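A quick write-up on the structure given underneath.
Just so you know, all these numbers are worked out from the coordinates, no wet-lab data involved. Bear in mind the structure is a predicted one, so any value in this text is a computation, not a measurement. Neighbour counts are summed over all protein chains in view; Cβ atoms, including those assigned to glycine, are modelled from backbone coordinates with ideal geometry.
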Amino acid sequence: MRRRQIQPSTTDQRLLDTRGPADWVHTDPWRVLRIQSEFVEGFGMLAELGPAVSVFGSARLGRHTPEYATAEKLGRALAEAGYAVITGGGPGLMEAANKGASEAGGVSVGLGIELPFEQGINKWVDIGINFRYFFVRKMMFVKYAQGFVGLPGGFGTMDELFEALTLVQTKKVTAFPIVLIGSAYWEGLLDWIRETMVTQGTVSPVDLDLISVTDDVEDAVRIIQQAEDHRPAEEAAVSALAAAERRAQD
């Protein structure tokens, strides 16, 4: 910093001087430590989770809807296949997936978010973490999952869907299947991608192959298992490419 940007006191002085204002604890540099603590908490709690699948869906579709029954069946099927089930920890379809996993004897995970209108972690969660920051929470959804299943949902579900699509498209993650359950619900979105985005060249036709759509829970689980079978070969190919790039740089 130069000229008028130079602080009139030293960092140590501001740290040790208790007579000054306390608003420094609310500044962006201090928030870095809070962000760091959320990463540490999430990594520590989920590091030994084992194979898992992240499931997203609406908090507004309640227990008397057919989507709730589908989500509960999905959670149960994933648990029986040996996967932990990760959701946003809230009500609606998140609760249903957690309920199915828990009742099947699987591990049920809820990654909540601090919101002014959220009801908190649902009662079917075995491992629960509440986050302040969306981006930290989103990291946990992807880092500890072998796949993504999207049920009918709103903006939050769409956010997670396109986050996952971007990571797979750019090869930031390998062998990460993205399955959407409910063809009638997702048909309009996929038609728009095909007829508008692909037509105008903003995405490639092959990008649509990143998404699998089904109405069958067993089919969704099978897609995830098949992708898991291909994961070692894909990761080996990525490692070989990275090694070749390093050799070229040397």
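Which trypsin sites (Lys or Arg not before Pro) in the range 106-198 pass both tests, a DSSP loop state and at most 15 other beta-carbon atoms within 10 Å?
Sparse-neighbourhood loop trypsin sites (Lys or Arg not before Pro): K123, R132, K171, K172.
Looking at the square roots a ≥ b ≥ c of the eigenvalues of the Cα gyration tensor of the range 44-164, which shape do they give, rounded for a/c under 1.5, prolate if a/b is larger than b/c, or oblate?
Rounded, since a/c falls under 1.5.
For the residue pair R34 and K172, what label-to-label distance in nm results when each label sits 7 Å from Cα along the Cα-to-beta-carbon direction?
So the label points at R34 and K172 sit 2.3 nm apart.
Mind checking the full-extension length gain between D207 and M45? Use 0.36 nm per residue of separation minus the Cα-Cα distance, one decimal, nm.
Between D207 and M45, full extension yields 55.0 nm more.
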